[in-house]
Amino acid sequence: MATAPPPAPCTAEDEEPPSMAPHVPREHREQHGKDAPPGFIPPMAAEDVAAVEAVLGYDFADKSLVELALTHGSFYYPYRPGDTYERLEYLGDGVLTCLMSREVFRTYRTLPPGPLTRLRAANVDTEKLARVAVLRGLHRFLRHKAPQLEGQIQVFIEEMCKYPVHSNGLLDPPKVLSDIVESLIGAIYFDSNFDQEEVWRVFRNLADPLISLETLGKHPVSELFEFCQKTRRGVKIMKDEWDKNLKVEVLIDGELVGSATYAQKKEIAQNRAAKAALDKLKETLGQTESELAPADVSEPFDELDIPGTLNTNAS
């Protein structure tokens, strides 16, 4: 079947985010009869099912799986909850992890497990899959009644244009975006009688281009620590006050160099504070990112497991 062309991805030079006129599902456009029973949940329109199939490049034998894969729990409000995409999301998450493990293992035949894990994660994490949902327009078919979700998606669309490939922990995409990609992949896996090659064909096209060893970025906390180790500086990331003022601060040799405030997640505030400190250090030293050594693929520090602060002192 012919696939629908995806919206053009934004680049760092774009002044505006990609044009994404909101799609209103047919069941939201049509006025259903007043005599419909309480709690009536309209089915997904056939034209919308066909549009999703065109984006995926896959014809479902069981069309109801498309509807199920795009139905969020809030869609049933205020009536009794019904079936949602959660089970299909579980299935899709598992098969994507397996298939991406196979892909990076085959592609990078001498790479050790640590970098392989990072490459795999970058291609199936929440941000990457959320980008897939937006750039392919799949978010427009999401069936939900979550009042804040449309605004959150729009903020993500605008912010992701600042990072053409991946933000490496600086953005906080709505998880529902990655959920529906996983649930649609799970639906294809089930509908195709668990055909992994068919699933990979669909996902490979959806996720193109995959993040490669050459385009894999570095986590800002990891990069900050490595930079300070090389330049013999001590680092301390102060997180104790986040619960009070939503701020994370970075001290370099005891001096405040970077900070960030983010209400939703401490981890995002921490990553942004690390990035701010790193940029300040590079500016102070008169270095640009191009003058630094190429980013390696070491694992990011598991900093959130350490309460209070992160601390390293140069020897």
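The values are calculated or read from the model by the stated rules, or taken from the named source; none is laboratory data. Keep in mind it's a predicted model, so treat the numbers as computed, not measured. Note that each Cβ is placed from the backbone with ideal geometry, even for glycine, and that neighbours are counted across all protein chains shown. All accessible areas refer to the heavy atoms of the entire protein, side chains included, with ligands and DNA or RNA removed. Shrake-Rupley method; radii C 1.70, N 1.55, O 1.52, S 1.80 Å.
Annotations
- Compared with the direct C-alpha span, the chain from Leu111 to Asp195 gains 27.5 nm at full extension, assuming 0.36 nm per residue.
- Projected over every direction and averaged, the convex hull enclosing the alpha-carbon atoms of segment 216-281 yields 4.4 nm².
- Relative contact order (%) - criterion: Cα under 8 Å, at least six apart; region: segment 34-117: 20
- Whole-percent carbon and sulfur share, accessible surface of segment 133-260, 1.4 Å: 48
- Hydrodynamic analysis of segment 123-177 uses the Kirkwood radius over alpha carbon pairs. Inserted into Stokes-Einstein at 37 °C and 0.692 mPa s, it gives a translational diffusion coefficient of 288 µm²/s.
- Working from label points 7 Å from Cα in the Cα-to-Cβ sense, the Lys282 to Ala146 distance is 3.3 nm.
- Over segment 68-200, Cα pairs under 8 Å with separation of 6+ residues give a relative contact order of 39 percent.
- At R0 = 35 Å, FRET efficiency that the Cβ-Cβ distance of Lys236 and Asp125 yields, to 0.05: 0.80
- Percentage relative contact order, segment 131-194, counting C-alpha pairs under 8 Å, at least six apart: 44
- Rg and Dmax [Cα atoms of segment 148-285; Å; Rg one decimal, Dmax integer]: 19.0, 59
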